[in-house]
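The values are calculated or read from the model by the stated rules, or taken from the named source; none is laboratory data. If you're wondering where the values come from, they're calculated on a predicted model, not measured in any experiment. Ideal geometry is used to build each Cβ from the backbone, glycine not excepted, and the neighbour counts take in all protein chains shown. The protein model used for the area step is the full one, side chains on, heavy atoms only, and it has no ligands, DNA or RNA in it. Shrake-Rupley method; radii C 1.70, N 1.55, O 1.52, S 1.80 Å.
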Amino acid sequence: MTRTAALSPDGQKVRKDGPSAIGAGRPGFLWAVPAAVFFGLFALVPLIMVAVLSFASWDGLSDPEFAGLDNWRKLLDDPVMIKSLWLSVLLTVLGVAVQTPLSILLGVWAAGHQRNRAVLSAIYFVPMLLSVAAVSVLWRAVLDPNMGVPAQATWLFGDGNLFGKQATAIGVLVFVSTWQFTPLHTLIYQGAARAVPQVLYQAAQIDGAGTVRQFFHITLPQLRNAIITSMILMVVGGLTTFDTVLILTQGGPGSDTTISAYYMYQKAFKSFDYGGASAIALLLVLVSTIISLIVVRLSGYDKMRSTMEGL
Amino acid sequence: MKQRARFSRTVVVGGAALALVLSLSGCGGASDAAGDDTLRVLVYGDAANKVEKEIVATFNKTSEVKAVLDTIPGADYQAKLQTIINSKQAPDVFFNWGGGSIKPFVDAGLLLPLDPFIAENPDLKAKFLPSVFNSAVVDGTSYGVPMRGTQPVLLFSNGEVLKKAGVEPPKTWDDLLAAVKALKADGVTPIALGGGDRWPTLMWFEYLYDRIAGPELFQKALDGDRDAWASPDSRKALSRIRELVDAGAFGTNYDSVKFTDQGSPTLLATGRAGFELMGSWEYSTQQDAHPEFARSDLGYSAFPSVEGGKGDQANVVGNTNNFYSVLKKTKHPRAAAEFLKLMYSDRFVKAQLAIGNLPTTTNTEGFLDTAASPEFAKFQYDMVKAAPAFQLSWDQAYPQSAATAMYQALQQFFNGSMDEDAFIEAMQALPTS
């Protein structure tokens, strides 16, 4: 860092050791300082601390002791850990598969301009305003086998043992996060659908294309960037899901819904094995990063191709 | 004009960020200052808190240092405690289960030895039953004063439901199986179980292992003898559990029911279940949520005997008692010592009895008549006094690091997704130290 940067009076950066024309017209380096400080303080520093801790054994009371690769070796031999990674991926995939089509349809529908749509979509966005914890407590009560809906609708729920079997417990988790997060993704698609130039539809109409064809040949391709944005949010959100599991299933029955993020919590705050928990945390960061990179690469999002090309 | 606006925004944003960072680094100091003249008391949050609130109010009437009560809802108590105990948010005085539950804190040098307090005021020790007082003695030093009461696990019942099905509280295992059959025929769930919480499920294991193998088997396992879990007695206990579950004693949806959200107690109180195996706090829970039921129809009995079992049928499982411990770094050891004296005062022995708790002070017996239900208090008192063995809950006896894996194995064996051999293997794999 021998380069010196100075702030010109209008807030633009001027490089003293290079052609000053390059810096002109771009936001100065100083603009990034607040964000960089926050990122460093609240993301990088903890990440480094967690990385160090993953090589130590610590119960939170006495001083951490260096434990070498112990935590990592134990983790890779742990059947619950491997199962939890699979469950995390499964929940994420199910979430994306259920929420994406639903929110595209709702978003495109909500992008219309009629008054009743505005009112309906306003009501529809309410779940987004509630906290995940409140939503989970609500659904836990609604789905109580003896006091809730299943006790009335036995033809649908049978004995109501939704939280006591793996398949239904996962079903409830997917359902509750869909209920909570579809509005957010709908909002993304609504915005994107409104940005589609009307001339495309007018041209299609002249060519005799119906609503369905218009949807598949104009709307969907135009939503490409929105789909990728929304999917990355879903993938990262899915892999780090925690609160719904904590409140709805506690990872049960047995370890059947113990996803990695919850397993990390159990290790840290139930078993007081902070070293093991840190190793899981790091593993999650790694897996999330890889999956996000794959999504970005496969979708061509990194090239930032505009949907407006050719217009 | 435009330039000026831009510049001032940089200053504002940067300044705000700086202010935030400064305030974050400074917040530790601020909370210290606020804590100077208060004695923070941390307790497990449940229906029994009303007595603790009263104790704090009484204490504050005469004390310079004011006590503040913090309650953490049940299931999260242990996790929250261990997370904050070595931080600036640590309480001065806190609720615990004695013995194994405070051992890690003692080992880390966080707790204040209470012997100097006792030397000054011998009543802090002399006013409590010695067997109970001693379960908070670690390595020869006292670290806790009993509070609340002893909590044996009892078989609670709904008298009206039993009467309708022509069932008596069971004395033997066969009685219990017959009762299950009769209640099932009557269209109710024979036994309410909050399997979603898992620790209520554990109680069935604790009692059956005790009745069939005696308390020695668990002690051996806890001492590190892994063969104990594979012994014939252990298998016998497991087959009895299987027998009961397969008979439909708990219905089929128990894993979706919780005790902590009032699920299983409501089943019992509203007549949709006949029995519930629960700690003595079931009484205060029902008294709080269903006072009418607690007064008229809530029945209780000891766990039935099992023919051919090695365990004495008078044995009890549960929590021996709760304790208050004091942190070494408290700024108010004097106030803490004064606060602890209230635990054996006549007034609070009576207040605990009034909500169904059974304090273990030497004067308890004299006040049993003033209890919410004198019969319930006497029943418990005689039961605990006569018990040859009092088995501490497995999840409290084992180190914290074993709890998650233990719960998983218990739940999976109980609901049939894990067989006997797999369960034994899982228990053998638990860390014992």
Exercise. Go through segment A:83-111 residue by residue and tally those that are open to solvent by less than 30 Å² (accessible area, probe 1.4 Å) and in contact with a Lys or Arg (Cβ under 9 Å, 6 or more places away or on another chain).
Key: 2
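It is to be established whether one or more residues within segment B:381-395 are within 14 Å of chain A (Cβ to nearest Cβ) and touching a residue at least 40 places away in the same chain (Cβ under 8 Å).
Within segment B:381-395 (the criterion being within 14 Å of chain A (Cβ to nearest Cβ) and touching a residue at least 40 places away in the same chain (Cβ under 8 Å)), the answer is yes, since at least one residue qualifies.
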Practice problem: Looking for whichever is within 13 Å of chain B (Cβ to nearest Cβ) and out of contact with any Ser or Thr (no Cβ under 9 Å at 6 or more places or on another chain) here; the options are A:Gly148, A:Gly160, A:Gly210. Which one fits? | Solution: A:Gly148
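Pick out the one residue from B:Gly416, B:Gly356 that is open to solvent by less than 20 Å² (accessible area, probe 1.4 Å), assigned to a loop (DSSP other than H, G, I, E, B) and either among the aliphatic types (A, V, I, L, M) or out of contact with any His (no Cβ under 9 Å at 6 or more places or on another chain) (or both). Reasoning before the result, please.
Details: B:Gly416 fails: open to solvent by less than 20 Å² (accessible area, probe 1.4 Å).
Exactly one of B:Gly416, B:Gly356 is open to solvent by less than 20 Å² (accessible area, probe 1.4 Å), assigned to a loop (DSSP other than H, G, I, E, B) and either among the aliphatic types (A, V, I, L, M) or out of contact with any His (no Cβ under 9 Å at 6 or more places or on another chain) (or both), namely B:Gly356.
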Quiz item: Would a scan of segment B:338-348 turn up a residue that is under 21 Å from B:Thr150 (Cβ atoms), free of Cβ contacts under 8 Å to residues at least 40 places away in the same chain and of a type in the set (Asp, Glu)?
Solution: yes
Quiz item: Tell me, which helices (runs of 4 or more DSSP H) lie completely within segment A:192-311 with 2 or more residues that are in contact (Cβ under 8 Å) with a residue 12 or more places away in the chain?
Solution: A:198-206, A:224-239, A:243-248, A:260-265, A:274-299
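Would a scan of segment A:163-183 turn up a residue that is within 30 Å of B:Ser256 (Cβ to Cβ) and exposed (fewer than 14 other Cβ atoms within 10 Å of the Cβ)?
Pass one, segment A:163-183, residues within 30 Å of B:Ser256 (Cβ to Cβ): A:163-183.
Going one step further and asking which of them are exposed (fewer than 14 other Cβ atoms within 10 Å of the Cβ), we end up with A:167, A:171.
The answer is yes; a qualifying residue exists.
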Practice problem: Go through (1) within 29 Å of B:Gln82 (Cα to Cα); (2) part of a helix (DSSP H, G or I) and name the single condition A:Ser62 misses. | Solution: (2)
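How about segment B:205-296: which helices (runs of 4 or more DSSP H) wholly inside it have at least 2 residues that are within 24 Å of A:Thr154 (Cα to Cα)? Working first, answer last.
Numbers: elements: B:215-222, B:232-246, B:263-269, B:282-289, B:291-296.
Where helices (runs of 4 or more DSSP H) fall fully within segment B:205-296 and carry at least 2 residues being within 24 Å of A:Thr154 (Cα to Cα), they are B:232-246, B:263-269.
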Quiz prompt | Among (1) assigned to a helix (DSSP H, G or I); (2) open to solvent by 10 Å² or more (accessible area, probe 1.4 Å) - the single one B:Pro200 does not satisfy | solution = (2)
Quiz item: Checking A:Thr154 against (1) touching a residue at least 60 places away in the same chain (Cβ under 8 Å); (2) open to solvent by 40 Å² or more (accessible area, probe 1.4 Å); (3) within 12 Å of chain B (Cβ to nearest Cβ), which single condition isn't satisfied?
Solution: (1)
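Here are B:Phe348, B:Phe379: which of them is open to solvent by 20 Å² or more (accessible area, probe 1.4 Å) and in a helix (DSSP H, G or I)? Give the steps one after another, and end with the answer.
Numbers: B:Phe348 fails: open to solvent by 20 Å² or more (accessible area, probe 1.4 Å).
Only one candidate qualifies: B:Phe379.
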Exercise. Can you work out which of the residues in segment B:91-118 that are of a type in the set (Gly, Ala, Ser) and within 11 Å of chain A (Cβ to nearest Cβ) is surrounded by the fewest Cβ atoms within 10 Å (Cβ to Cβ)?
Key: B:Gly109
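Residue by residue, here is whether (1) open to solvent by less than 50 Å² (accessible area, probe 1.4 Å); (2) within 14 Å of another protein chain (Cβ to nearest Cβ); (3) modelled with pLDDT of 90 or more holds:
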| site | (1), (2), (3) |
| --- | --- |
| A:Leu7 | no, yes, no |
| A:Lys16 | no, no, no |
| A:Ser20 | no, no, no |
| A:Ala35 | no, yes, yes |
| A:Val45 | no, yes, yes |
| A:Asn71 | yes, yes, yes |
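Matching residues to (1) within 14 Å of chain B (Cβ to nearest Cβ); (2) in contact with a helix residue (DSSP H, G or I) (Cβ under 7 Å, 6 or more places away or on another chain); (3) not hydrophobic (A, V, I, L, M, F, W, C):
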| residue | (1), (2), (3) |
| --- | --- |
| A:Ala203 | no, no, no |
| A:Ile206 | no, no, no |
| A:Ile218 | no, yes, no |
| A:Val235 | no, yes, no |
| A:Gly252 | yes, yes, yes |
| A:Ile290 | no, no, no |
| A:Val295 | no, yes, no |
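Could you tell me whether A:Ala111 is more than 29 Å from B:Tyr407 (Cβ to Cβ) and under 16 Å from the mean Cα position of the chain (by Cα)? Spell out the reasoning first.
Numbers: more than 29 Å from B:Tyr407 (Cβ to Cβ): yes; under 16 Å from the mean Cα position of the chain (by Cα): no.
Judged against the criteria, A:Ala111 is not a match.
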Exercise. Sort out which residues of segment B:42-65 are open to solvent by 40 Å² or more (accessible area, probe 1.4 Å) and within 24 Å of B:Ile355 (Cβ to Cβ), and write them in order of number.
Key: B:Tyr44, B:Asp46, B:Lys50, B:Lys53, B:Glu54, B:Ala57, B:Lys61, B:Thr62
Quiz item: Which one is farthest from the other protein chains (Cβ to nearest Cβ) among residues in segment B:396-410 that are without any contact (Cβ under 8 Å) to a residue 60 or more places away in the chain and open to solvent by 30 Å² or more (accessible area, probe 1.4 Å)?
Solution: B:Ala405
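Given B:Thr266, B:Thr260, which one is over 17 Å from B:Thr201 (Cβ atoms), touching a residue at least 24 places away in the same chain (Cβ under 8 Å) and under 20 Å from the mean Cα position of the chain (by Cα)? Talk me through it step by step, then tell me what you get.
Working: B:Thr260 fails: over 17 Å from B:Thr201 (Cβ atoms).
One residue alone meets the criteria, B:Thr266.
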Quiz item: What is the residue count in segment B:284-336 for residues that are touching a Leu at 6+ places or on another chain (Cβ under 7 Å) and of a type in the set (Lys, Arg)?
Solution: 1
Exercise. Take segment B:237-273 and flag every residue that is away from chain A (no Cβ under 14 Å) and buried (at least 17 other Cβ atoms within 10 Å of the Cβ).
Key: B:Ala237, B:Leu238, B:Arg240, B:Ile241, B:Leu244, B:Ala249
Quiz prompt | Single match in B:Gly45, B:Gly74, B:Gly35 (criterion: among the small types (Gly, Ala, Ser), at pLDDT below 85 and touching a Gly at 6+ places or on another chain (Cβ under 9 Å)) | solution = B:Gly74
